[in-house]
Structure formats: structure tokens, C-alpha cells
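Working notes, beginning with the structure itself.
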Amino acid sequence: MAKETDQLSRRDMLKLAAQAALVATVSGCLSRTVTPPVVKVAPVDQPAPADQAVATGTIPARAFGRTGLELPILGFGGAALPATWGNPLSLDDRVKLVRYAYDRGVRYFDTAGNYFESESILGQGLLGLRQHVQLATKVQTTIPAEVPKAVEKSLQQLQTDYLDFIQIHGTPGLEQMSVKQAMAIHGELVKLRDQGVVRHIGFSAHSYFDKALALIETGGFEQCMLAYGYLPKGYNQVFAARMLELRNACLAKAHERGMAIVAMKVVGAGCLGVRAGSLVPDFDKKRLTQLPAAAIRYVLQDQRVNLLAIGMRLKQEIDANIGTLAGDTAFTAADRALLAEFSVRVLDSEPLKKLRVD
């Protein structure tokens with residue numbers, strides 16, 4: 001027995017570890033295959049093969065860069081799941097929320113190793129659906145030797161033995177590293193891709209778009225997730241004109257290289273959504289409810305963007321976003337006026353005035 005164990009490849013050990021974690025969590029589940037999903041989304045009125053990523057809702061789809069995938073344009077942002085970051089639901093209801101998003105047609109689920117219980121919730125919520133979805137997570141370590149361990153932990157939490165997308169996290173991660181250090185992390189991810197543990201390599205950037213542009217220009221990435229919305233805001237700063245120029249250069253170069261482009265901060269980390277009323281309390285209540293749809297339509301104008309990763313804490317938010325995407329998505333003069341008026345006010349609010357501006 002010892003000899004047989006010694007002969008197992010690292011890939012086999014990862015697979016066995018992930019399967020053991022799954023069995024420990026859910027008894028009697030069926031064994032899973034690691035065959036990658038078929039890349040095309042089937043029409044919703046036709047039965048789908050067992051290994052196909054299929055949209056069952058009314059979310060329009062776009063090609064996902066040069067990956068060969070075609071995905072519903074709305075992705076589920078896993079940062080909305082942790083209780084620490086404001087999700088009001090019970091753990092059981094958050095698991096059900098993930099399944100609800102899938103039932104409504106969402107097929108791309110984004111998370112990260114440092115999003116508290118997010119990976120675990122996604123693993124439970126998508127149990128039995130692995131071959132029908134695209135899973136993306138991030139490594140936030142700045143030490144190359146720690147990458148394999150971080151990825152193995154994510155595999156266990158997500159109850160899977162492969163990842164569709166692995167990203168170098170923006171922060172902690174790219175923001176704290178030089179481009180050379182980030183490429184050392186990339187080298188470790190390439191090894192995992194060669195072993196079949198991950199399929200596509202990307203990175204995320206809340207700002208520091210000078211570094212992001214340098215990574216894009218290496219040609220070593222298939223995906224990037226960029227802060228892109230009407231509100232010029234990343235994680236911890238409001239963008240100055242130079243940073244916006246660099247972000248736009250990232251979009252242009254990534255599109256030129258055929259990279260899959262994911263837009264995050266579409267609703268400004270809630271500033272144009274759930275936080276809007278508290279940030280500008282005297283703004284017209286009805287018009288506040290119109291902000292998220294206007295923000296989504298603003299980003300949808302850009303055909304270079306392949307997918308919007310939006311954090312959704314409640315079923316109502318999922319329904320509202322899908323309703324926006326299923327309707328007329330033309331960005332109107334009324335949308336622009338609303339966003340312009342509110343953005344002036346929210347950028348003058350105390351929480352945003354305190355953000356560092358580069």
C-alpha cells in the first residue's frame with residue numbers, strides 16, 4: 001500500500017484530497033469527473049449534455065475572450081456572501097442564495113481565499129453542479145512557495161478538484177508586489193495549469209493599473225478583472241485622471257490580446273446600490289432604486305467587457321439585475337443624468353472624501 005501511495009502523482013493527491021473533503025461534508029454524493037465543461041452555452045429550450053455549462057434564465061451571453069467560452073454576462077460576486085461584510089442572511093440561506101443564482105441562469109461564480117466563508121458557501125451551494133458552472137477564485141499570497149497550499153485550500157473549500165479560473169488577487173496581492181514578484185506568482189500558477197489543477201490564469205486590479213497594464217503586456221494571462229464603473233472608484237481610492245487613463249489602456253490592451261475582461265465595482269462597491277441611501281440620505285428614494293440598473297447599462301455599452309461580476313446579497317438583488325439585463329439595455333440620457341447627479345453628491349460624502357486619491 002505504501003508503494004502505491006508513493007507512486008501517486010501530485011495531481012492524483014489533489015483529486016483525492018478534494019474528494020475526501022466532499023465525502024466528509026456530504027455523505028452519499030456521486031463521484032465527480034474532472035472533464036472540463038464544454039465551452040458553448042446551449043439554447044435554453046434544448047436539453048443540455050451533462051458536461052455543458054447551460055444558461056436557464058434570460059441573461060444575455062457574450063464570448064469570454066479567447067477562452068472559447070460563451071457565458072451569461074452576469075457573474076456572482078462572492079464578496080457579497082460573508083456575514084462580516086454585511087450579508088444579513090443565515091448561513092443556510094446564503095447557501096440557498098447561491099443555488100438560486102444558478103437556477104436563475106448565473107453560470108460564473110467569483111470568490112477568493114480571503115473572503116471568509118465565501119468559498120465554503122459556494123462549495124455547498126453548487127454541490128452537484130460543478131460541470132455546469134465556471135468557478136473563479138484568487139490567491140492573495142505574495143510568496144510563490146505558498147501558492148500550491150493556498151490553491152489546495154480553495155479546492156477543498158469549493159469541493160472541487162480543479163478551478164476554471166485562478167487569479168492573482170489585487171489586494172492583498174498585486175497592489176503589494178512589483179510586476180516581477182507578480183510574475184513569480186504567475187509561474188507557480190502555470191505549474192498548476194500544466195498539472196490540470198487550474199484551466200485559466202488571470203488577475204484582478206482595483207487600481208494600480210500601471211502594474212495591471214504591465215501584466216497584460218506579458219501575454220501570460222487569459223483573463224483580467226478590472227474596477228470599471230461610472231463611479232471612478234476602486235477598493236480604497238477615488239481615481240484621479242491619470243489612473244482612469246491607465247485603466248482604459250488596460251481595457252484596450254486586454255481586448256487587443258483577446259483576454260476575457262470582467263468588470264467589477266460596476267455599482268461602486270454598493271455606492272450606486274445598497275449603500276447609496278446611507279451615503280446620500282436626502283436623495284430622492286425612487287431615483288435611488290434606479291441607480292443600479294443605470295450603472296449596469298453604463299458598463300454594458302462597452303462591448304469589450306465580457307462579464308459583470310456583481311455582489312448580490314439577496315434574491316431580490318439577483319432578480320433586479322437579471323431584470324435589467326433581460327430588458328432594454330440601452331444607456332439613456334436619463335441614465336447619464338441620474339448617475340452624474342448622484343455621483344457628484346456621493347463623491348462629496350465623508351466616506352468617499354476620506355479615500356486616498358492618486
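Of everything listed in (1) under 22 Å from Gly113 (Cα atoms); (2) β-branched (Val, Ile, Thr); (3) buried (at least 20 other Cβ atoms within 10 Å of the Cβ), the single unmet condition for Val190 is (3).
Do we have Phe283 as surrounded by 11 or more Cβ atoms within 10 Å (Cβ to Cβ), more than 21 Å from the chain's Cα centre (by Cα), modelled with pLDDT of 95 or more and not in a helix (DSSP H, G or I) here?
Here the answer is yes, as Phe283 does meet what is asked.
Considered as a group, the residues in the range 247-273 that are free of Cβ contacts under 8 Å to residues at least 60 places away in the same chain and of a type in the set (Val, Ile, Thr) include one that is farthest from Arg287 (Cα to Cα), and that residue is Val266.
All of (1) buried (at least 20 other Cβ atoms within 10 Å of the Cβ); (2) touching a residue at least 40 places away in the same chain (Cβ under 8 Å); (3) within 14 Å of Gly170 (Cβ to Cβ) hold for Leu231 with one exception: (3). Does Ile121 fit the bill of being free of Cβ contacts under 8 Å to residues at least 60 places away in the same chain, within 16 Å of the chain's Cα centre (by Cα) and farther than 19 Å from Met312 by Cα? Against the criterion (free of Cβ contacts under 8 Å to residues at least 60 places away in the same chain, within 16 Å of the chain's Cα centre (by Cα) and farther than 19 Å from Met312 by Cα), Ile121 does not qualify. Checked against the criterion of being of a type outside the set (Phe, Trp, Tyr), without any contact (Cβ under 8 Å) to a residue 24 or more places away in the chain, out of contact with any Gly (no Cβ under 6 Å at 6 or more places or on another chain) and within 16 Å of Ala112 (Cα to Cα), the candidates Lys149, Lys180, Lys153 yield just one match: Lys149. With respect to the numbered conditions (1) surrounded by 18 or more Cβ atoms within 10 Å (Cβ to Cβ); (2) charged (D, E, K, R); (3) within 22 Å of Leu325 (Cβ to Cβ), which one is the sole condition not fulfilled by Asp161? Unmet for Asp161, out of (1) surrounded by 18 or more Cβ atoms within 10 Å (Cβ to Cβ); (2) charged (D, E, K, R); (3) within 22 Å of Leu325 (Cβ to Cβ): (3). Looking at this structure, is Ile143 surrounded by fewer than 19 Cβ atoms within 10 Å (Cβ to Cβ), among the hydrophobic types (A, V, I, L, M, F, W, C) and closer than 22 Å to Phe116 by Cβ? When the stated conditions are applied, Ile143 passes them. A count restricted to the range 87-119 and to residues that are more than 22 Å from Met225 (Cα to Cα) and either crowded, with 20+ Cβ neighbours inside 10 Å or not small (Gly, Ala, Ser) (or both) stands at 14. Which of the residues belonging to the range 195-250 are of a type in the set (Gly, Ala, Ser), within 19 Å of Asp164 (Cβ to Cβ) and over 17 Å from the mean Cα position of the chain (by Cα)? Listed by number, the residues that qualify are Gly196, Gly220. Residues in the range 338-358 that are farther than 14 Å from Phe283 by Cα and over 24 Å from the mean Cα position of the chain (by Cα) were compared, and the one that is surrounded by the most Cβ atoms within 10 Å (Cβ to Cβ) is Asp358. Restricting attention to the range 190-207, the residues that are among the aromatic types (Phe, Trp, Tyr) and more than 11 Å from Lys138 (Cβ to Cβ) total 0.
Every condition in (1) under 17 Å from Tyr235 (Cα atoms); (2) more than 18 Å from the chain's Cα centre (by Cα); (3) among the hydrophobic types (A, V, I, L, M, F, W, C) is met by Leu174 except one, and the failing one is (2).
Considering each residue of the range 258-273 in turn, at least one proves to be surrounded by fewer than 17 Cβ atoms within 10 Å (Cβ to Cβ), under 28 Å from His200 (Cβ atoms) and modelled with pLDDT of 95 or more.
With the structure loaded, tell me whether Asp161 is of a type outside the set (Val, Ile, Thr), in contact (Cβ under 8 Å) with a residue 24 or more places away in the chain and in contact with a Leu (Cβ under 7 Å, 6 or more places away or on another chain) or whether it fails that test. So Asp161 passes the test.
The values are calculated or read from the model by the stated rules, or taken from the named source; none is laboratory data. Predicted, not measured: the structure shown is a model, and the values here were computed from it. Because the Cβ atoms are built from the backbone with ideal geometry, glycine has one as well, and the counts that use them run over all protein chains shown.
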